[in-house]
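Read through the structure below, which is laid out as structure tokens, and then see the notes.
FYI, it's all coordinate maths here, none of it is from the lab. All values derive from a computational prediction rather than experimental measurement. As a convention, Cβ positions derive from the backbone with ideal geometry for all residues, glycine included, and neighbour counts pool all protein chains shown.
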Amino acid sequence: MFNIVLVHPQIPNNTGAIGRLCVNTDTTLHLIRPLGFDIGEKAVRRAGLDYWHKLDLRVWDDLDAFLQAHPDRSRFFFATTKTDRPYFEQKFREGDYLFFGSETAGIPEALLQQYPQQCMTIPMSKEGRSLNLAISAGIILYKAIEQNFSTYRELM
């Protein structure tokens, strides 16, 4: 129903948790290389990701390959700490792409600058600088599901 796009994820546990989230919400997971870990069958089995084979997973060689394959970017939404626009002001629709950057660098600045109206943030206190990647993905994905629950219910 939705798409989560992880741009250069670095921490395998975060990606594993997001993969589980995607399986349980009928969401496609797009991973943009380079990745900070191995997702080969042996590595996935060793990590105990027994649901990984159920995941609708697409792996892209780089961000340019992903962008070239998706010329209509009107339904791309970028999670970032570099905007004041809260995620709950976005109006999500079935098929939207929810982007999350690497744990260390976030989404590339050039991409954020191209789509400032499609950037969103999760409001936080001044005491913290960011949330865990998997938590952030869950917060925003479930808001998108809430806004589209009648369609989502039909899928389940």
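Annotations
- Note on the chain: helix-only mean residue ellipticity at 222 nm, from DSSP H runs of 4+ residues weighted -39500 (n - 2.57) and normalised by residue number, equals -10000 deg cm²/dmol.
- Between region 12-71 and region 114-145, the Cα center-to-center distance that results, in Å: 19
- Distant-in-sequence amide contacts of F99, defined by a placed amide H-H separation under 5 Å and a gap of 5 or more residues or a different chain, comprise V5, F77, F78, A79.
- Percent of alpha-carbon pairs separated by more than 28 Å within region 3-155: 16
- Computed log10 I(q)/I(0) for region 1-43 at 0.18, 0.20, 0.32 Å⁻¹: -0.49, -0.61, -1.20, from the Debye equation with unit scatterers placed on every C-alpha and solvent omitted.
- Neighbour counts of C-beta atoms inside 10 Å place K126, K54, K143, K91 in the sequence K126, K91, K54, K143, starting with the fewest.
- Counting beta carbons within 10 Å around each of S130, S136 and listing the fewest first gives the order S130, S136.
- Each Lys and Arg Cβ is given +1 and each Asp and Glu Cβ -1; about its Cα centre, the chain then shows a dipole of about 220 debye.
- Taking amide H as placed 1.01 Å from N in the peptide plane, the amide H of D56 sits under 5 Å from that of L29, each at least 5 places away or on another chain.
- Per-residue HN-Hα couplings for region 136-144 [Karplus 6.51, -1.76, 1.60; θ = phi - 60°; Hz; x = Gly/Pro]: 4, 4, x, 4, 6, 4, 6, 5, 4
- Karplus-derived HN-Hα couplings along region 79-88 (A = 6.51, B = -1.76, C = 1.60, θ = phi - 60°), whole Hz, x at Gly and Pro: 7, 7, 8, 9, 8, 9, 7, x, 4, 6
- Applying the Karplus relation 6.51 cos²θ - 1.76 cosθ + 1.60 with θ = phi - 60° to region 7-22 yields 3J(HN,Hα) values of 8, 6, x, 10, 10, x, 5, 5, 5, x, 5, 5, x, 4, 4, 5 Hz, where x marks Gly and Pro.
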